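Encoded as structure tokens, the structure appears first; notes follow it.
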Amino acid sequence: MRPRWRWGLLGLMLMLAGCADYTEVNDLNIVIGLGVDETAQGQVHVTAEIVNPTSSPSAGGAAGGNSGGNQSGGSQAFLLRQTTAPTLEDAIAAFDQNLPHRLYLSHNTLVVFNHRCAESGIDRAFDYLERYRAFRRNQMMVITQGSSARLLQSRTDPEPLNAFGIRELVEQAAQKSAVFRTEQLYVVKQHLSPARTPLLAWMEVDAENRPVLRGLAALPPGRPPLYLPMATVRGLMWLSGPTYNTLLTMPTPVGKDKAKNNAARAQAETITALRLLSTQTDIRAEVLRDGRLRFTISLHGTAEVERLGDSQPLDAKMYVTLSQAGARQIEREMRQTMALLQARHTDAAQLATAFYRQHPAVWRRWQAAWPEVFARAQVIIHADLAVVRSGLTIHTEELWQKEGQKPPRAARGTAAPPPGLF
């Protein structure tokens, strides 16, 4: 009887769900966004964006937008709760003292730092977010010059959850260039890299209370953040590489013989747009005999014509002209960005990583004074752009003909084609 009794007890145990620590969703405070501000008194002010379980949007639901967290029906899709403490760890732990239900941080997708917090150093925050098991390393990190609480209150309709909308804005930019990949995993890797200059997405709130991606913020060790607007970030994108599906605008190139008359001068002011399908960047570092460091940055890319200036023939000569003009425009933007980075002693292009991989022994001697070495380094930039023919669904042979070699155009008064030809 004993074996049968044991087998029966085992069968009953297999039917148990095993949810000893089961917790209802309504009994959890699911955090999807965190804002970290440093006050004037040196305290840490944390804002938590919590999903409202009574009105959270569901897949295919009727909630179509928000206004500072309000859905079209009037109920809030998320709640904002705030605490203040001497450290980030104490501030997050303080939520258990003033919030009913347990704080659930494993679904957090966004961390917002304000300027004062980044200026005083966020190394301790990085260390805490890396070590605390409740956080995941795919949460997005952004920075704002204003208050992180205001950014978490901005409107992101048609996305009802503010943190998801802000994250999606950064992810859309990351599809074009990896410099916008500011998840915790990549930010901490840059923080521990030879350059020690992580990049954070720079977000602000516009006049309509909507979040806007302004550019990137470089965080050099021991110095205030360097904010790079979008015009400068484009040069950083070319320097870092690779890029995909980016837009390049420039004045329409005109030959010297055509630029003599007024019409050609007016035409030169029109804008030409090239769609860069992809670019690849190669960085080569070498130590010169005089002890200086020289970087050679080469960019290779392909592009399509998206908009051409008025009255410009798109012939074989124009394709070559556009390729050369596009390459010069890219080189100009890369040099402007590099000049700014060297003037500010900020290696946001991560050139130290390329130098370390190619010359590890020399890097060990220079790493203590790398900001000064980077500022004095010679940087040679070369871009090679190939504008390809677009607009065809199949690849056909191209035969360029002069105007006199082309067949006559069809017009009124021409003879009708012989019967049976079509």
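For every residue, the table says whether it meets (1) closer than 25 Å to Val179 by Cα; (2) at pLDDT 95 or above; (3) touching a Lys or Arg at 6+ places or on another chain (Cβ under 9 Å).
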residue	(1), (2), (3)
Leu341	yes, yes, no
Ala352	yes, yes, yes
Ile381	yes, yes, yes
Asp384	yes, yes, no
Arg389	no, no, no
Thr393	no, no, no
Members of the range 111-145 found to be in contact with a Ser or Thr (Cβ under 7 Å, 6 or more places away or on another chain), farther than 18 Å from Leu216 by Cα and of a type outside the set (Lys, Arg), listed by number: Ala134
Within the range 334-346, restricting to residues that are in a helix (DSSP H, G or I), in contact with a Leu (Cβ under 9 Å, 6 or more places away or on another chain) and not hydroxyl-bearing (Ser, Thr, Tyr), the one that is surrounded by the most Cβ atoms within 10 Å (Cβ to Cβ) is Leu341
Residue under evaluation Glu306, criteria (1) in contact with a strand residue (DSSP E or B) (Cβ under 7 Å, 6 or more places away or on another chain); (2) within 14 Å of Pro253 (Cβ to Cβ), criterion not met: (2)
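Taking into account only those residues within the range 77-107 that are part of a loop (DSSP other than H, G, I, E, B) and within 17 Å of Glu130 (Cα to Cα), which is nearest to the chain's Cα centre (by Cα)?
Going through the qualifying residues, I end up with His107.
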Within the range 362-373, considering residues that are under 17 Å from Arg289 (Cβ atoms) and of a type in the set (A, V, I, L, M, F, W, C), the one surrounded by the most Cβ atoms within 10 Å (Cβ to Cβ): Val373
Would you confirm whether or not the range 170-184 contains a residue that is more than 12 Å from the chain's Cα centre (by Cα) and free of Cβ contacts under 8 Å to residues at least 40 places away in the same chain? no
Among the listed residues Glu208, Glu168, Glu183, which satisfies the condition of being within 19 Å of Gly33 (Cα to Cα), outside the structural domain of Gln367 (by TED's automatic domain parsing) and surrounded by fewer than 18 Cβ atoms within 10 Å (Cβ to Cβ)? Glu168
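The values are calculated or read from the model by the stated rules, or taken from the named source; none is laboratory data. Please read these numbers as outputs of a predicted model, since none were measured by experiment. Cβ sites come from the backbone with ideal geometry, for glycine too, and all protein chains shown count toward neighbours.
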